[in-house]
Every structure is written in C-alpha cells, then in structure tokens.
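The values are calculated or read from the model by the stated rules, or taken from the named source; none is laboratory data. What you see is a predicted model; the values in this text were computed from it and never measured. Calculation scope for accessible area: heavy atoms of the full protein, side chains included, ligands and nucleic acids excluded. Shrake-Rupley method; radii C 1.70, N 1.55, O 1.52, S 1.80 Å.
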Amino acid sequence: LFKAMALSSLIFGILHLENVVPTTMIGIVLCVIFMKYKSLFPCIIIHLFHNVLVFLIIYNTQGATDTTIDAGLPDAEMLLILAAILLAIGLTWFIRFLKTNKKYIEGYYATEK
C-alpha cells in the first residue's frame, strides 16, 4: 500500500514538471484523504481549490511586480469563469455517476457498518 501511494504521488509530482517535490507531497496527502474517505471526490475538490489558490497567488504576486504579466497570462476573471464551467461540468458528471451507480454505492456502505 505504501509503495502504491509513493509511486502514484511521484507520478503526480512528475506530471507537474515545475514543482515536482511539493506536488509529490500534495499527492501523498491526497492519497491519505482518498484512503480515509474512499472517494476521489474530496481529492478532486481539494486539487481544484489548490490550483485556483496557487494561480491567484502567482497572478497577484507577479502582477504587482511585473507589468508584462498581462501579455503572457489570460485574465484571472476568464480563468475563474473557465474553472467554474469545468467545475459545473464535473459536478454534473459526478451526480450522473452517483445516480447511475446508486445501488452499488448504497451496497458498499451497507456492508461497511
């Protein structure tokens, strides 16, 4: 189990080329959260909010010191709108998934008690 968590977290970190070590650490935390709640949903939400927070910090920090930031990055408002749209699509898919698999989900939690 530990090897699987370490390997998946390392792959997660490597896929984020610029920040391998901190992203690998976040991958470990997300693995622990997945193991505790037996669901990817909290991990996806945490990952989404983490990415939005990091983007806002970078955008605001660079925007205060670098006047050329607007030429290289899209508007923060546009990215937040895109994130909201993608979140709505993801939640729609997730709700449809829950409805489709309701009997399996209920059966799974019934056997855990």
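Show me, bin by bin at 5 Å from 0, the whole-percent P(r) of the stretch 1-44 based on Cα pairs.
Over the stretch 1-44, the share of Cα pairs per 5 Å bin runs 6, 28, 29, 24, 12, 2 percent.
So, for the stretch 6-45, what is the accessible surface per residue at a probe of 1.4 Å, expressed in square angstrom?
69
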